[in-house]
1. If I model a spin label as a point 7 Å beyond the Cα along the Cα-Cβ vector, how far apart are those points for E62 and F140 in nm?
2. If amide hydrogens are placed 1.01 Å from N in the peptide plane, which non-local residues have theirs closer than 5 Å to the one on V66?
3. Which GluC sites (Glu not before Pro) does region 46-80 hold that lie in a coil by DSSP with at most 10 other beta carbons within 10 Å?
4. If I model a spin label at I46 and Q115 as a point 7 Å from the Cα along the Cα→Cβ vector, what separation in nanometres do I get?
5. In Å², what does the accessible area per residue of the chain work out to with a 1.4 Å probe?
6. Need one value: the accessible area of V34 in square angstrom, 1.4 angstrom probe, rounded to the nearest 10.
7. Could you sort F114, F170 by their accessible area in this structure, using a 1.4 Å probe and putting the largest first?
8. Counting only protein chains, not ligands or nucleic acids, how are R85, R21, R14 ordered by accessible area (probe 1.4 Å), most first?
Amino acid sequence: MTGFAPGAPQIEQRWDPERYRRNAAFVPALGLGVLDLLAVKPGERILDLGCGDGTLTAILAETAEVVGVDASAEQIAASRCLNVRWEPRLDQPAVAMDPGLTQMLERAIESAGFQIHRMPSGAGHDAMIVARRMPTAMLFLRSPGGISHHPDETVLAGDVAAALDCGVRFIELLEQRHA
């Protein structure tokens with residue numbers, strides 16, 4: 001897993017499922033007591049974060065609807081009796097946006113009556129390339145249903161109108177700054 005925020009520590013973890021089985025089999029055994037405390041009822045929905053090899057997830061799934069999530073592709077593959085391998089095709093570090101332009105964009109957003117929400121982005125936007133050559137800032141629109149960077153991605157007309165309003169205000173601020 002890697003942090004995307006500028007200055008965030010870059011952490012890489014690799015899990016070997018076979019080694020996990022040999023050295024950490026006690027973890028699911030300890031978790032069995034927690035399952036008793038949960039008193040899962042039929043039909044409940046459970047999100048199992050850090051599901052590891054899926055041992056406890058499988059037990060929960062006997063009663064409830066469970067989604068297991070783990071940062072390790074190897075662990076997820078092992079829980080499904082699969083093998084996984086990959087080859088990095090692109091490893092591009094995050095790029096900080098220009099503080100001055102970002103501050104100006106925030107002023108434009110606030111003057112349009114909207115609240116500021118800062119967010120790091122690890123997506124491969126054009127801004128990652130442009131920011132190396134010139135000052136850059138980004139304004140994100142919401143993606144209904146959380147679908148982003150996919151052909152099914154969409155936006156709401158009201159969000160587009162708000163973004164255009166903020167964009168016009170941003171350009172006016174730029175014009176004032178360079179007048």
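1. Placing both labels 7 Å along Cα→Cβ, they lie 4.1 nm apart.
2. It is I46, by chain and number.
3. Details: sites: E62, E65, E74; in loops: E62.
Here the GluC sites (Glu not before Pro) that fit, given the DSSP loop and packing criteria, are E62.
4. That separation, rounded to one decimal, is 3.3 nm.
5. Details: 13370 Å² over 179 residues.
Result: 75 Å² per residue.
6. 80
7. On the way: F114 90, F170 35 Å².
Descending accessible area places them as F114, F170.
8. Numbers: R85 215, R21 115, R14 150 Å².
The ranking, largest first, comes out as R85, R14, R21.
The values are calculated or read from the model by the stated rules, or taken from the named source; none is laboratory data. Just so it is clear, the model here is predicted, and its values are computed rather than measured. Cβ sites come from the backbone with ideal geometry, for glycine too, and all protein chains shown count toward neighbours. Ligands, DNA and RNA are stripped out before the accessible areas are found, and what is left, the full protein with its side chains, is counted by its heavy atoms. Shrake-Rupley method; radii C 1.70, N 1.55, O 1.52, S 1.80 Å.
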